[in-house]
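*Asks:* Take this structure first; my questions come after.
What follows draws every value from the coordinates through simple rules; no lab data is involved. The model shown is predicted, which means the values in this text are computed figures rather than measured ones. Because the Cβ atoms are built from the backbone with ideal geometry, glycine has one as well, and the counts that use them run over all protein chains shown.
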Amino acid sequence: MSENASGISFIGLGPMGQAMVRTFLDNGHPTTVWNRTAARADGVVASGAVLAGTVAEVLKANELVILSLTDYQAMYDILGQAEDSLSGRVVVNLSSDTPEETRAAAAWLAERGAELVVGGVMVPPELVGKENAYVFYSGPRAVFDAHEPVLKLIGRPDYRGEDHILAQLFYQAQLDIFLTTLSAYMHAVALVGSAGVAAETFQPYAVALFDEMSFFLDGTGRQLDNGDYPGELGNAAMMGATADHIVGASEDAGIDLVLPKAVKAHYDRAIAAGHGKDHWTSLFEVIKKP
């Protein structure tokens, strides 16, 4: 369909988008780009990309259209300018949004003759195309397979299934852990900082704990899938007492209480539901059924 089967059309030239375009160019793929602020294309154009003058032009340039935008509303705002140019295109949307917005986007594109492949890039811009980079994908398998040789250049493709929302869910779930952990680290620094301890002094202890966290996850997937929470070690009552102490220490320190109170609430509800003697993984029962 496109004049050059290995060509790529790319929309969205923030730091992530620019990193991906440079990766495609470095691997010999002609890339046509468009961005609402055209000046952001200057760097990649200097590296060999072609700047399209309009949305219609960038869509018509190639079958494969990759989006790196803030959210799915941005997709509507941009692609809506050239709906007649969407027919026959494969739109790989690497933007973050909710599962329902993702399903709605798939239907919107299908009505205009385009296919949606959903993606979630799991590395920052500086790691795009590097050894540890990986990207979740979901959508029609045949469509994904046809473009996998190009998509793998930005990171190892991890295809999760035909349902469009799966890549979005895996992406959000990973960031759920990531963002919550970063907030917990900030809270912990504030806690010791209330006694005058420098963040730099505490940092090595936090790093050591981060490195050990995988140990605490061993076997938990099986427990959660089976609904079996043997509580010989780390039961909810014991862990809940610790959560309560963290709230008290935070109150004494005069720091923010939102995160520790949220954690304590999980344990309180699990204990109230009869899971006090069960493993801490029993919190899953009150999280999935609030």
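*Asks:* If packing is taken as the average number of other Cβ atoms within 10 Å across a peptide's residues, how do 245-258, 210-223 rank, most packed first?
*Replies:* Values: 245-258: 13.9, 210-223: 10.4.
Sorting 245-258, 210-223 by mean packing, highest first, produces 245-258, 210-223.
*Asks:* Among the lysines, which fall within straight-line cross-link reach of residue 130, defined as a Cα-Cα distance under 20 Å, with same-chain neighbours fewer than 8 residues apart omitted?
*Replies:* Within the straight-line limit of under 20 Å, residue 130 reaches these lysines: 152.
*Asks:* Could you compute the FRET efficiency for residue 175 and residue 84, with r as their C-beta to C-beta distance and R0 at 30 Å, rounded to 0.05?
*Replies:* Numbers: r = 35 Å, r/R0 = 1.18.
The calculated FRET efficiency here is 0.25.
*Asks:* Rounded if a/c is under 1.5, else prolate if a/b is larger than b/c, else oblate: which is the range 169-288, with a ≥ b ≥ c the root eigenvalues of its Cα gyration tensor?
*Replies:* Numbers: a/c = 1.94, a/b = 1.45, b/c = 1.34.
Here the range 169-288 falls in the prolate category.
*Asks:* Can I ask one more? So for the pair residue 145, residue 272, with labels modelled 7 Å out along Cα→Cβ, what separation do we get in nm?
*Replies:* 5.1 nm
*Asks:* A further question on this structure: Which value in Å does the Kirkwood hydrodynamic radius of the chain take, with 1/r averaged over all unlike C-alpha pairs and then inverted? Could you put the intermediate results ahead of the total?
*Replies:* On the way: mean 1/r = 0.0461 Å⁻¹.
Kirkwood hydrodynamic radius for the chain: 21.7 Å.
*Asks:* Set the Förster distance to 41 Å, then compute FRET efficiency between residue 224 and residue 249 from the Cβ-Cβ distance, nearest 0.05.
*Replies:* On the way: r = 29 Å, r/R0 = 0.72.
Efficiency, from the Cβ-Cβ distance: 0.90.
*Asks:* Turning to a different aspect of this structure: For a Förster distance of 51 Å, can you work out the FRET efficiency between the beta-carbons of residue 27 and residue 199, rounded to the nearest 0.05?
*Replies:* Details: r = 40 Å, r/R0 = 0.79.
That pair, residue 27 with residue 199, gives E of 0.80.
*Asks:* Something else about it: Looking at the square roots a ≥ b ≥ c of the eigenvalues of the Cα gyration tensor of the range 202-271, which shape do they give, rounded for a/c under 1.5, prolate if a/b is larger than b/c, or oblate? Each step should come with its number before you reach the end.
*Replies:* Working: a/c = 2.52, a/b = 1.32, b/c = 1.92.
It comes out oblate by the Cα gyration axes.
*Asks:* Okay, next question. Percentage of Cα-Cα pair distances in the range 8-162 greater than 20 Å, rounded to whole percent?
*Replies:* Numbers: 5130 of 11935 pairs.
Taking all Cα-Cα pairs of the range 8-162, the fraction more than 20 Å apart is 43 percent.
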